[in-house]
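Notes follow the structure.
The values are calculated or read from the model by the stated rules, or taken from the named source; none is laboratory data. All of these numbers come straight from a predicted model, not from anything done at the bench. We place every Cβ from the backbone using ideal geometry, glycine too, and count neighbours over all the protein chains shown. With ligands, DNA and RNA removed, areas are computed over all heavy atoms of the protein, side chains included. Shrake-Rupley method; radii C 1.70, N 1.55, O 1.52, S 1.80 Å.
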Amino acid sequence: MGLFNFNRPADYLDAAREMADSGRPTLARLLAEEAANRTTDPADAARIRAEFPGNSLRQED
């Protein structure tokens, strides 16, 4: 795995794809959720969530 600089939603999405490719689906989903949350376009956020299906894994305080 390369080093990531998480400044943009695309950075989280790249990391999510790398985690999915390396067999870490839970971490991939969490990173994808963060990418979607940081995306300003609702259609892009929906596309990201659809690429990594499943229920939200976040635990809110």
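Considering every pair of different Cα atoms, what Kirkwood radius, in Å, is found for the chain?
11.5
Suppose all protein chains stay in the model; what accessible area per residue would a 1.4 Å probe give for the chain, in Å²?
Here the residues of the chain average 69 Å² of exposed surface.
Tell me the mean residue ellipticity at 222 nm calculated for the chain from its helices only (DSSP H runs of n ≥ 4, each -39500 (n - 2.57), averaged over every residue, nearest 500).
Estimated from H runs of four or more residues: -19000 deg cm²/dmol.
By average Cβ neighbour count within 10 Å, what is the ranking of 27-34, 48-55 from highest down?
Ranked from most to least packed, the peptides come out as 27-34, 48-55.
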